[in-house]
Amino acid sequence: MGISPGWDGRLTNNSEHSLPTDAELREVALTRDEYKRATDLLGRQPNQIELGIIGGMWSEHCGYKHSRPLLKRLPGDGDQVLIGAGEENAGAVDIGDGLAIVMKIESHNHPSAVEPFQGAATGVGGILRDIFTMGARPIALLDSLRFGPLDDQRGRYLANGIVGGVAWYGNCMGIPTVGGEVSINKCYRGNPLVNAMCVGIIEHEKLTSATAKGSGNQLILVGADTGRDGIHGATFASVDDPEASHRGVVQVGNPFMEKLLLEACLEALQTNTVVGLQDLGATGLTSSSVESAGRGGGGVAIQVDKIARRADGMSPYELMLSESQERMLVVAKRGDVSKLQSVFSRWGLHSDVIGEVISTPNLEVLDGDIHVASIPIDMLVNAPTYSFPVERPRYLDETSSFSKDLIPDVVDPTATFLKMLASPNIASRQPIYQQYDHMVGTNTIIAPGGDAALLRVKGTEKAIAVATDGNGRTTFLEPFVGGASAVAEAARNISCTGAVPIALTNCLNFGSPEQPTAYYQLSQAIDGMAAASTALGTPVISGNVSLYNESDGESIWPTPIVGALGILNNLEKRCQIGFACSGDEIAVLGAGTPELDGSEYLSVIHDVVAGIPKLVLSDELALQRLVRELISAQLLASAHDCADGGLAIALAESAFAGGVGVRAESLHTKHRIDEMLFGESQSRIVVSYSSGAGPAVAAAAATAGVPFFQLGNVGGDRLLIGPIDVALTDAESDWTNGLRLALAGNA
Amino acid sequence: MKAAVVVFPGSNCDADTLYVLKNLLGIDARYVWHGENCLHENTDLVVLPGGFSHGDYLRTGAMAARAPIMTAVRNHAAYGKPVLGICNGFQILLEAGLLPGAMLPNTSTQFRCEWVHIRVESLETPFSSTCRPEQVLRLPIAHGEGNYVIDHDGLSELQDQERIVYRYTTAEGIDSPDANPNGSMDNIAGICSSDRNVVGMMPHPERASEESLGSQDGLTIWESVLDGMGD
């Protein structure tokens, strides 16, 4: 390699530079103060390449400079945690039998706003690499999506493009997309959200670190050639208004290349010649080499002239910052390179030795004989962190003074019910998930459409449950409860399958932290997540932050998304959402008074976003423990989280899933009908059980101190829910077609 | 019985198929890499699994159909031994000329992953011999291009020679355009060669071979081939 042992650390092109202009600093997303800080730390002015490298590493996307102090509040410890947040590319937890689950969720919001298909596709590609870079085989994908209204062509273009991109990448890779959620609101019109989660499985001892250590070990770049695509992607994601940015920053995915990379990397790890493996994501070779070196405690020297490229005349700056997809950096034991390269070449992959680990803790970049950059690793991996002033948004005064007395109660409950069923946030998600291969891998026991997906773990009696959840409206109305309820709902979805939630990953989608009101939302939501994670015993083992989600000067709703993992020790003792047998009794477990505050009903029927959503964590914990206990005792025929749309919608969903009607016509209330039918208090689960099991269910609920209300029975071919009376097939047709027609522009 | 599951770059149902053959049915099943020139000695059954061979960036199956191993697969078929192509494997058999016709994108223009019902139309193949006449099987599909087409004479020939092995139907086994998930001509879900030993099908029997996955109907297809081998 080009670094001689006697090298004195001086740059070949170390001539004095003029101070960068404001425009040049903006290009690399650095402030004037940060530039000064960089100059001080470096002891000289950074040159243009160094400036780009520092800007990338200090971006929010890589450096978490605006969120790191807040993220420390999230609980990360637990008996089962093997690799915690921030340590590696993803977190890992023990699931017994010597196996570990590796998981992470990550955003690709800004690229998807500009080029929805490729933006979403490469989001999936990126999160997959984060998992197999740890040596784990990906076994499931989930996608949490937020779109603007589908009543305009651009909204449909973005939504259909994003779904198509997610489908294309996951399907081609052969990793099942088993879950996720979709929600639609006008706040996401110019800034849709694409949060992709991946779950992988591995034997403990095979967990691989993204570490570059051992001076003289060699760096192999394998996979796609390096092009000009995606330069400044990380900094692009860290400034507001994606529409204003240029298209050149969006990458183009190649899932076939990634499939080869996956198989080749997992095979390469079997050769025992790999010291570390790190994928190339945001800021490309820069962050992958720097972060690997940071973990190893040494430095790296990169010889950019050795990088295979797909465009002529690429500069060292472009080669270091390119975000071309489907590339991996392999740290190989010195002398074992050829063994690895033969594995890669069998899979048809090009690979080159492009550098080596050095003992000096620096990033050194060479272009042939020319030394073009030299920066201490320590300075790059420790981005400056900022705390901003917080200010409670003024709109909260208005939304929290909401009184339901201003809203008339429902007049025609059946018509309102059907309108709710067909509304885009409640209608069946099948038009989306039928485009995802959710069965490949033959582990999917509970497919999309339930509360959580359940995947068996071959070779054991176990299963894992996975779900994502998050509610922007709740977080907008009460940020602390929004953060807490994202955790509670995701965990509740897991518990409804019978699995015990054991770990979380999170993705925080917020507006500009420089706005005190947005920073308030972020800070409060994180506190809420921390409180719920602690209460439910589910540490956050990985995550991602996406700030500056705004367009035309308007922030999105603050949208924390939680991905949850649960473990079910005996696959046979599982539960699903569909009513099973005519004659079974139906009950709701959990908190008594449903409220209209922040409900889908208020939004869909009255166009009102107001109220104060509430959550009592001790109630939540008791409820989830109870439902798991009932499932484990095999007392339940179904369990379904009562969420968006309230009780009437939850009953309908269980009826559709089971293909059988509901007889709950005697359901009545002393209060408002709309509250009873469509109120959305947290911590409720609709269950069904044989009449013989009734006394045992009631007794267990009483012992657990969880409210228990009998609602009626399973049976017939109608939905009779209090005053609602409609044929099951008619209701199902509205529910089935609601989103399908909206996506097709025929709503 | 010895089975070979061919692995092309981009195959992604290879592991699922091997799992069923080896772990569930106890068959001596092994992978064969697409770049090999021959199958393992005494291979009885060849399965071309589903996936996106070569990314399906060209016509689906077109690149894989020209892989070195396909010469051996052709010879295997010429000896009258059973070959099954599932999904992308079916597409590869079409491109290789081992089966007639071609695939177009689904009429929805979207990828579809869902459960379908197929009716067994012919018991005279190694992959349907133990089915009941007109038995309805519940299997999943997962494809973007399963819209089977063939010219008029070709279709007549398939019909006359009873080479349409499976057709999409309702759960009750009734022909219906609504039961056709991709626009496939004559509701065709699977066909066989004129020698009847090469079968291509779009649905995935390997995904429906265990009750916990939602259906065991795929087992009858595997059991047919086992039965034919006298195992």
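The values are calculated or read from the model by the stated rules, or taken from the named source; none is laboratory data. Source: prediction; values computed, not measured. So basically every Cβ, Gly included, is an ideal-geometry build from the backbone, and we count neighbours across all protein chains shown.
From the list A:L421, A:L396, which one is closer than 27 Å to A:V545 by Cα, more than 14 Å from every other protein chain (Cβ to nearest Cβ) and in a helix (DSSP H, G or I)?
After applying the criteria, what remains is A:L396.
Evaluate segment B:201-215: report whether one residue or more is crowded, with 22+ Cβ neighbours inside 10 Å and away from every other protein chain (no Cβ under 14 Å).
Taking every residue of segment B:201-215 in turn, at least one turns out to be crowded, with 22+ Cβ neighbours inside 10 Å and away from every other protein chain (no Cβ under 14 Å).
Pick out the one residue from A:G592, A:G578, A:G611, A:G583 that is over 26 Å from the mean Cα position of the chain (by Cα), within 14 Å of chain B (Cβ to nearest Cβ) and either of a type outside the set (K, R) or part of a helix (DSSP H, G or I) (or both).
Testing whether each residue is over 26 Å from the mean Cα position of the chain (by Cα), within 14 Å of chain B (Cβ to nearest Cβ) and either of a type outside the set (K, R) or part of a helix (DSSP H, G or I) (or both) leaves just A:G578.
Report yes if some residue within segment B:22-36 is among the hydrophobic types (A, V, I, L, M, F, W, C), at pLDDT 95 or above and buried (at least 23 other Cβ atoms within 10 Å of the Cβ); otherwise report no. Spell out the reasoning first.
Narrowing segment B:22-36 to residues among the hydrophobic types (A, V, I, L, M, F, W, C): B:24-25, B:27, B:29, B:32-33.
After this cut, where a residue has to be at pLDDT 95 or above as well, the list is B:24-25, B:27, B:29, B:32-33.
Narrowing the set further to residues that are buried (at least 23 other Cβ atoms within 10 Å of the Cβ) leaves none.
No; the residues of segment B:22-36 include none that is among the hydrophobic types (A, V, I, L, M, F, W, C), at pLDDT 95 or above and buried (at least 23 other Cβ atoms within 10 Å of the Cβ).
Kindly indicate the residue of segment A:434-458 that is within 18 Å of the chain's Cα centre (by Cα) and within 8 Å of chain B (Cβ to nearest Cβ) and also surrounded by the fewest Cβ atoms within 10 Å (Cβ to Cβ) among those meeting that condition.
Looking at residues that are within 18 Å of the chain's Cα centre (by Cα) and within 8 Å of chain B (Cβ to nearest Cβ), I get A:H438.
May I ask you to verify whether A:P138 is crowded, with 24+ Cβ neighbours inside 10 Å and either more than 14 Å from chain B (Cβ to nearest Cβ) or touching a helix residue (DSSP H, G or I) at 6+ places or on another chain (Cβ under 6 Å) (or both)?
Judged against the criteria, A:P138 is a match.
So if I check each of A:V330, A:V337, which one is buried (at least 16 other Cβ atoms within 10 Å of the Cβ), in contact with a Leu (Cβ under 9 Å, 6 or more places away or on another chain) and touching a residue at least 40 places away in the same chain (Cβ under 8 Å)?
Numbers: A:V337 fails: in contact with a Leu (Cβ under 9 Å, 6 or more places away or on another chain).
Selected residue: A:V330, the only one of A:V330, A:V337 that is buried (at least 16 other Cβ atoms within 10 Å of the Cβ), in contact with a Leu (Cβ under 9 Å, 6 or more places away or on another chain) and touching a residue at least 40 places away in the same chain (Cβ under 8 Å).
Name the one entry in B:Y31, B:Y19 that is within 14 Å of chain A (Cβ to nearest Cβ) and assigned to a strand (DSSP E or B). Break it down stepwise before answering.
Working: B:Y19 fails: assigned to a strand (DSSP E or B).
Answer to the check: B:Y31.
Within the bounds of segment A:329-342, is there any residue that is assigned to a loop (DSSP other than H, G, I, E, B) and among the hydroxyl-bearing types (S, T, Y)? Steps first, answer last, please.
Step one: filter segment A:329-342 for residues assigned to a loop (DSSP other than H, G, I, E, B), giving A:333-336.
With the extra rule that they be among the hydroxyl-bearing types (S, T, Y), the set shrinks to none.
Within segment A:329-342, not a single residue is assigned to a loop (DSSP other than H, G, I, E, B) and among the hydroxyl-bearing types (S, T, Y).
Here's the yes/no breakdown for (1) acidic (D, E); (2) closer than 30 Å to A:S287 by Cα; (3) without any contact (Cβ under 8 Å) to a residue 24 or more places away in the chain; (4) not in a strand (DSSP E or B):
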{"site": "A:L363", "(1), (2), (3), (4)": "no, yes, no, no"}
{"site": "A:S374", "(1), (2), (3), (4)": "no, yes, no, no"}
{"site": "A:L380", "(1), (2), (3), (4)": "no, yes, no, yes"}
{"site": "A:P389", "(1), (2), (3), (4)": "no, yes, no, yes"}
{"site": "A:F402", "(1), (2), (3), (4)": "no, no, no, yes"}
{"site": "A:T414", "(1), (2), (3), (4)": "no, no, no, yes"}
{"site": "A:N425", "(1), (2), (3), (4)": "no, no, no, yes"}
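Regarding segment A:152-164, can at least one residue be identified that is of a type outside the set (V, I, T) and closer than 24 Å to A:S542 by Cα?
Checked segment A:152-164: no residue is of a type outside the set (V, I, T) and closer than 24 Å to A:S542 by Cα.
Kindly indicate whether A:A637 is among the aliphatic types (A, V, I, L, M), out of contact with any helix residue (DSSP H, G or I) (no Cβ under 6 Å at 6 or more places or on another chain) and either buried (at least 23 other Cβ atoms within 10 Å of the Cβ) or more than 30 Å from A:R718 (Cβ to Cβ) (or both).
Taking the combined requirement at face value, the residue does not satisfy it.
Inside segment B:45-67, can you point out the residues that are away from chain A (no Cβ under 11 Å), crowded, with 20+ Cβ neighbours inside 10 Å and part of a loop (DSSP other than H, G, I, E, B)?
Residues satisfying the conditions are B:T60, B:G61, B:A67.
Restricting attention to strands (runs of 3 or more DSSP E) lying wholly within segment A:176-235, give those where 2 or more residues are touching a residue at least 40 places away in the same chain (Cβ under 8 Å) and under 22 Å from A:I53 (Cβ atoms).
A:218-223
Looking only at residues in segment A:170-202 that are surrounded by 24 or more Cβ atoms within 10 Å (Cβ to Cβ), within 14 Å of another protein chain (Cβ to nearest Cβ) and among the aliphatic types (A, V, I, L, M), which one is nearest to B:F8 (Cα to Cα)?
Residue satisfying both the conditions and the ranking: A:M173.
Which condition number in (1) in contact with a Gly (Cβ under 9 Å, 6 or more places away or on another chain); (2) of a type in the set (G, A, S); (3) without any contact (Cβ under 8 Å) to a residue 60 or more places away in the chain; (4) on the phi > 0 side of the Ramachandran plot is the one that B:S184 fails?
Result: B:S184 fails condition (4) only.
What number of residues within segment A:587-618 satisfy the criterion of being within 24 Å of A:G712 (Cβ to Cβ) and of a type outside the set (A, V, I, L, M)?
Total meeting the criteria: 8.
Against the conditions (1) more than 14 Å from chain B (Cβ to nearest Cβ); (2) modelled with pLDDT of 95 or more, where does A:L128 fall short? Just the number, please.
(1)
Given the criterion under 30 Å from A:L720 (Cα atoms) and crowded, with 20+ Cβ neighbours inside 10 Å, identify the matching residue among A:G563, A:G583, A:G590.
Answer to the check: A:G590.
Considering segment A:55-93 alone, what residues qualify as being small (G, A, S) and either within 26 Å of A:F480 (Cα to Cα) or assigned to a loop (DSSP other than H, G, I, E, B) (or both)?
A:S59, A:G63, A:S67, A:G76, A:G78, A:G84, A:A85, A:G86, A:A90, A:G91, listed by residue number.
Pull up segment A:386-412, narrow it to residues that are among the hydroxyl-bearing types (S, T, Y), surrounded by fewer than 15 Cβ atoms within 10 Å (Cβ to Cβ) and within 31 Å of the chain's Cα centre (by Cα), then point me to the one that is farthest from A:S512 (Cα to Cα). Walk me through how you get there before you give the answer.
Narrowing segment A:386-412 to residues among the hydroxyl-bearing types (S, T, Y): A:386-387, A:395, A:399-401, A:403.
Still in the running and surrounded by fewer than 15 Cβ atoms within 10 Å (Cβ to Cβ): A:387, A:395, A:400-401, A:403.
Right, trim to within 31 Å of the chain's Cα centre (by Cα) and you get A:387, A:395, A:400.
Values: A:S387: 13, A:Y395: 17, A:S400: 23 Å.
Result: A:S400.
Output the number of residues of segment A:487-536 satisfying the condition of being under 23 Å from A:G96 (Cα atoms), outside any helix (DSSP H, G or I) and under 17 Å from the mean Cα position of the chain (by Cα).
Final tally of qualifying residues: 5.
Just for segment A:269-322: of the residues that are in a strand (DSSP E or B) and charged (D, E, K, R), which one is nearest to A:G214 (Cα to Cα)? Don't jump to the end; show me each part of the working.
Start the filter on segment A:269-322 by keeping residues that are in a strand (DSSP E or B), which leaves A:274-279, A:299-303, A:309.
Cutting the leftovers down to charged (D, E, K, R) gives us A:279, A:309.
Numbers: A:D279: 19, A:R309: 28 Å.
Here the residue is A:D279.
Testing B:P100 on (1) of a type outside the set (V, I, T); (2) under 20 Å from B:D16 (Cα atoms); (3) surrounded by 16 or more Cβ atoms within 10 Å (Cβ to Cβ), one condition comes back false. Which one is that?
(2)
Scan segment A:143-169 and report the pairs whose first residue is within 14 Å of another protein chain (Cβ to nearest Cβ) and whose second residue is aromatic (F, W, Y) and buried (at least 19 other Cβ atoms within 10 Å of the Cβ), with Cβ atoms within less than 6 Å and a gap of 6+ or a chain change.
Here the result reads A:A159/A:F147; A:G161/A:F117; A:G164/A:F117; A:G165/A:F117; A:A167/A:Y436; A:A167/B:F111, each pair linking segment A:143-169 to a residue that is aromatic (F, W, Y) and buried (at least 19 other Cβ atoms within 10 Å of the Cβ).
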